[in-house]
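*Asks:* Pasting a structure here, questions to come.
The values are calculated or read from the model by the stated rules, or taken from the named source; none is laboratory data. Quick caveat: nothing in here was measured; it's all calculated off a predicted structure. Here the Cβ positions follow ideal geometry from the backbone for every residue, glycine too, while neighbour counts run over all protein chains shown. Heads up: the accessible areas ignore ligands, DNA and RNA and are worked out on the full protein's heavy atoms, side chains in. Shrake-Rupley method; radii C 1.70, N 1.55, O 1.52, S 1.80 Å.
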Amino acid sequence: MKTNAISGRLGAWALSALVLTSCSQKQEGAGDKGSAAGDKGAAAGDKASKPAEIKIALLLPESKTARYESKDRPFFEAKIKALCPECQILASNANQDASQQQAQAEAALTNGARVLVLDAVDSASASVIATKAKAQKVPVIAYDRLVPGTDAIDFYVSFDNESVGRLQGESLLTALGNKPTARVVMINGAPTDNNGMLFKKGAHSALDGKAQIVKEYDTPDWSPDKAQDQMTQALTALNNQVDGVYAANDGTAGGAIAAMKAAGIKPLPPVTGQDAELAAVQRILLGEQYMTVYKAIKPQAEAAAVIAVHLATGKPVPTDITGGKTVNNGKKDVPSVLLVPLAVTRENLKDTVIADAFWTTEQICTNQYVEACKAAGIL
Ligand code: BGC
């Protein structure tokens with residue numbers, strides 16, 4: 001099973017974590033960002049007895065998509081705490097507002113962050129953030145979303161995002177019986193997200209010439225509501241004649257499905273997704289959504305945490321973390337960790353999402369899903 005490959009990499013990181021010596025050495029002198037103004041973490045009286053805190057900023061992009069607060073943040077925080085008990089995490093969520101993210105990044109820098117782990121709301125303003133950080137000699141890890149066109153990024157930790165789009169496109173073709181006449185509506189992600197562009201490119205590489213793309217939209221802010229509006233428009237224009245829906249993630253899939261239900265479409269055509277959100281996994285069991293892409297967020301968040309702690313404590317990042325892999329962002333070859341995404345349908349839910357305890361059967365198979373869980377052989 002491919003998830004073993006993911007855990008295999010994790011073994012290497014766990015090992016490199018051991019290489020980390022204590023992070024508790026005193027941070028002193030001009031470079032002591034732990035004691036910068038606004039440091040609420042260590043009271044003045046503590047300073048003689050306790051080492052200065054090492055601050056690591058985690059800048060998340062939004063909260064409409066469940067993964068950030070329910071998976072990325074807790075996995076990242078747990079790993080940082082395990083590797084470096086003295087480290088303090090300055091976590092923020094920009095709620096899809098690029099200027100808010102810029103303000104949050106500036107606050108983190110003022111507050112003495114030694115590294116920024118940045119999941120960018122939008123590529124352009126993320127580049128401004130990275131440049132500011134670089135001017136203060138603060139390294140930046142592009143988390144999940146690459147920041148293109150800047151040399152101020154030190155690492156990139158993500159999945160093979162073009163392959164996410166390809167998996168979605170290929171699964172949809174399978175669900176449609178590989179019929180070139182099948183009518184597909186494409187609901188892409190946000191055009192301001194570098195990943196949105198990569199998913200779209202991967203999906204087109206699978207779908208073009210193999211199905212008819214009858215309508216296509218980009219979804220500003222990845223908003224499920226906007227996806228729903230777009231799907232409603234498509235249904236009106238197409239007189240409800242839709243054979244399949246490419247939705248770039250589970251949030252937009254939820255919007256598209258809501259639009260189709262409201263239009264009375266029955267049975268629902270196959271719909272793709274991404275993130276293995278709990279609601280999407282449950283829709284897959286009910287047959288409302290055809291597939292999702294499972295990205296094991298734990299190894300992603302943990303890789304970012306390992307790199308962040310090394311950078312924040314001034315230690316060289318072990319090369320086995322990236323294995324020498326780089327991704328060119330238009331300005332430099334960025335050392336990168338790229339994990340492998342998996343296509344998940346009802347058939348392999350058990351061997352992927354459940355086997356990894358991403359969601360437990362107890363979480364998935366609540367009241368209204370018990371029968372569907374039994375039918376799918378997961379209860
Ligand atoms: C992430 C997806 C997520 C989407 C919306 C993308 O950059 O890779 O996992 O669903 O953003 O937040």
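*Asks:* If ligands, DNA and RNA are left out, what is the accessible area of Asp97 with a 1.4 Å probe, given in Å² to the nearest 10?
*Replies:* 60 Å²
*Asks:* Right, next: Two decimals is fine: what is log10 I(q)/I(0) at q = 0.28 Å⁻¹ for region 319-361, from a Debye sum with one equal scatterer on every Cα and no solvent?
*Replies:* Summing over Cα pairs of region 319-361 leads to -0.91.
*Asks:* Right, here's the next one. May I ask you to give the average projected area over all directions of the convex hull of the Cα atoms of region 191-252, in nm² rounded to one decimal? Walk me through the numbers before you get to the answer.
*Replies:* Working: hull surface 16.7 nm².
Computed as one quarter of the Cα hull surface, the answer is 4.2 nm².
*Asks:* Quick one: pull the percent of accessible area on the chain belonging to carbon and sulfur, 1.4 Å probe, ligands and nucleic acids left out. Spell out each step's value before the answer.
*Replies:* On the way: 8000 of 15120 Å².
Carbon-and-sulfur percentage of accessible area, whole number: 53.
*Asks:* For the chain, modelled as a GNM with alpha-carbon contacts under 10 angstrom, which of Ser123, Ser171, Ser205 fluctuates the most?
*Replies:* Top of the fluctuation ranking is Ser205.
*Asks:* Can you give the extra length, in nm with one decimal, that the chain gains between Asn328 and Lys64 once fully stretched, where that is 0.36 nm per residue apart less the Cα-Cα distance?
*Replies:* On the way: separation 264, 0.36 × 264 = 95.04 nm, distance 2.96 nm.
Length difference between fully extended and current span is 92.1 nm.
*Asks:* How far apart, in nm, are the 7 Å Cα→Cβ label points at Val128 and Leu238?
*Replies:* Calculated label separation equals 3.8 nm.
*Asks:* In addition: In degrees from 0 to 90, rounded to the nearest 10, what is the angle of the helix 98-110 Cα long axis to the longest principal axis of the chain?
*Replies:* 20 degrees
*Asks:* Right, next: Can you tell me which of Val306, Val140, Val214 moves the most in a GNM of the chain? Springs connect C-alpha atoms under 10 Å apart.
*Replies:* Maximum fluctuation in the GNM of the chain, among the listed residues, is at Val214.
*Asks:* Taking the chain as the reference, fit the longest principal axis to its C-alpha atoms, fit the long axis of helix 73-83 to the helix C-alpha atoms, and give the angle between the two in degrees, 0 to 90, nearest 10.
*Replies:* Value to nearest ten degrees: 30.
*Asks:* Give the Kirkwood hydrodynamic radius (Å, one decimal) of the chain, defined as one over the mean of 1/r across all pairs of different Cα atoms.
*Replies:* 21.6 Å
*Asks:* How much accessible area per residue does region 150-292 have, in Å², with a 1.4 Å probe?
*Replies:* Values: 5080 Å² over 143 residues.
Heavy-atom SASA per residue in region 150-292 reads 36 Å².
*Asks:* Give the relative contact order (percent, whole number) for the chain; include only Cα pairs under 8 Å separated by 6+ residues.
*Replies:* Computed over the chain, the figure is 17 percent.
*Asks:* On each of the three principal axes of the Cα atoms of region 290-357, give max minus min coordinate, whole Å, ordered largest first.
*Replies:* Principal extents (Cα only, largest first): 45, 28, 16 Å.
*Asks:* Kindly report, to the nearest 10 Å², the accessible surface of Arg166 as traced by a 1.4 Å probe over protein heavy atoms only.
*Replies:* Arg166 has an accessible surface of roughly 80 Å² with all protein chains in place.
*Asks:* Please give me the summed charge of the neighbours of Pro270: other residues whose Cβ is under 13 Å from its Cβ, Lys and Arg +1, Asp and Glu -1.
*Replies:* On the way: positive: Lys179, Arg183, Arg283, Arg346; negative: Glu170, Asp243, Glu288.
It works out to a net charge of +1.
*Asks:* Separate question: Relative contact order for region 271-356: what is it in percent, counting Cα pairs under 8 Å that are at least 6 residues apart?
*Replies:* About 31 percent, as a whole number.
*Asks:* Let me ask something additional. Here are some pairs, Lys298/Lys374; Lys64/Lys200; Lys215/Lys266; Lys79/Lys350; which of them have Cα atoms lying more than 22 Å apart in this structure?
*Replies:* Pairs exceeding 22 Å: Lys298/Lys374; Lys79/Lys350.
*Asks:* Suppose every K and R has +1 on its Cβ and every D and E has -1 on its Cβ; what is the size of the dipole of region 193-257 about the Cα centre, in Debye to the nearest 20? Mind showing how you got there, number by number?
*Replies:* Details: 5 positive and 9 negative charges, 44 e Å.
With only Lys, Arg, Asp and Glu charged at Cβ, the dipole is about 220 debye.
*Asks:* Something else now. Size of the dipole of the chain about the Cα centre, Lys and Arg at +1 and Asp and Glu at -1 on the beta carbon, nothing else charged, in debye to 20?
*Replies:* In debye, rounded to 20, the chain gives about 380.
*Asks:* With both partners inside the chain, how many of the DSSP beta bridges are antiparallel, as a percent to the nearest 5?
*Replies:* Numbers: 6 of 39 bridges.
Taking every DSSP beta bridge with both residues in the chain, the antiparallel ones total about 15 percent.
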